[in-house]
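Heads up, the thing below is written out as structure tokens.
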């Protein structure tokens with residue numbers, strides 16, 4: 001890749017269209033496609049992808065469930081099945097969204113949109129850390145923030161720079177993302193004001 005340039009792991013041979021799977025192209029530059037190592041490396045990558053999907057399923061379902069409990073989303077999404085202890089309706093809702101995303105045929109744009117969400121989450125998390133430390137200096141903290149404040153500040157800076165760079169190179173997708181964020185903020189403001197206080201008990205199905 002260092003000799004041929006980055007384009008060899010972005011564009012398949014003989015094609016002017018970028019590949020949706022650059023990892024195999026990069027691996028083919030390290031080991032031959034006919035080598036057993038190529039298959040082993042792809043298998044390892046596949047297991048990593050499956051593990052990532054499991055993490056997304058668990059985290060997304062729990063986040064949707066909590067939004068349902070707080071009534072920022074329909075309350076049925078906060079229902080937990082009595083027998084399995086799982087948020088079945090939240091899982092089903094995320095499944096439906098995933099199917100629509102896959103069927104749209106625009107996975108590249110959707111992945112970029114997800115990256116905007118991830119970077120925004122990093123920025124909000126790090127900013128929240130600094131704000132909480134300032135407002136509640138005596139609050140019990142069972143988990144230690146490693147190398148505070150250097151590492152959190154570094155993560156905040158990198159995420160902010162990355163978000164600006166992605167916005168400059170993906171203006172249309174950035175517009176969609178920030179429109180979604182604005183709509184969510186308006187909905188949270190409209191629905192969340194009368195719900196301040198203790199959250200409702202989790203319903204069961």
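The values are calculated or read from the model by the stated rules, or taken from the named source; none is laboratory data. This one's a predicted model, so the numbers in the text were calculated from it and none came from an experiment. Cβ sites come from the backbone with ideal geometry, for glycine too, and all protein chains shown count toward neighbours.
Screening the candidates 160, 179 for the property of being modelled with pLDDT of 95 or more and under 20 Å from residue 106 (Cβ atoms) yields one hit, 179. Scanning for something touching a helix residue (DSSP H, G or I) at 6+ places or on another chain (Cβ under 7 Å), modelled with pLDDT under 90, farther than 25 Å from residue 57 by Cβ and surrounded by 12 or more Cβ atoms within 10 Å (Cβ to Cβ), does the stretch 131-146 turn up at least one residue? Within the stretch 131-146 (the criterion being touching a helix residue (DSSP H, G or I) at 6+ places or on another chain (Cβ under 7 Å), modelled with pLDDT under 90, farther than 25 Å from residue 57 by Cβ and surrounded by 12 or more Cβ atoms within 10 Å (Cβ to Cβ)), the answer is yes, since at least one residue qualifies.
From the list 163, 187, 154, the one residue that fits, being surrounded by 14 or more Cβ atoms within 10 Å (Cβ to Cβ) and either free of Cβ contacts under 8 Å to residues at least 12 places away in the same chain or out of contact with any strand residue (DSSP E or B) (no Cβ under 9 Å at 6 or more places or on another chain) (or both), is 163. If you check residue 175 against the conditions, is it farther than 18 Å from residue 67 by Cα, in a helix (DSSP H, G or I) and without any contact (Cβ under 8 Å) to a residue 12 or more places away in the chain? Considered against the rule, which asks whether it is farther than 18 Å from residue 67 by Cα, in a helix (DSSP H, G or I) and without any contact (Cβ under 8 Å) to a residue 12 or more places away in the chain, residue 175 comes out as yes.
Exposed (fewer than 12 other Cβ atoms within 10 Å of the Cβ), part of a helix (DSSP H, G or I) and touching a helix residue (DSSP H, G or I) at 6+ places or on another chain (Cβ under 9 Å), is that true of residue 123? So residue 123 does not fit the description; no.
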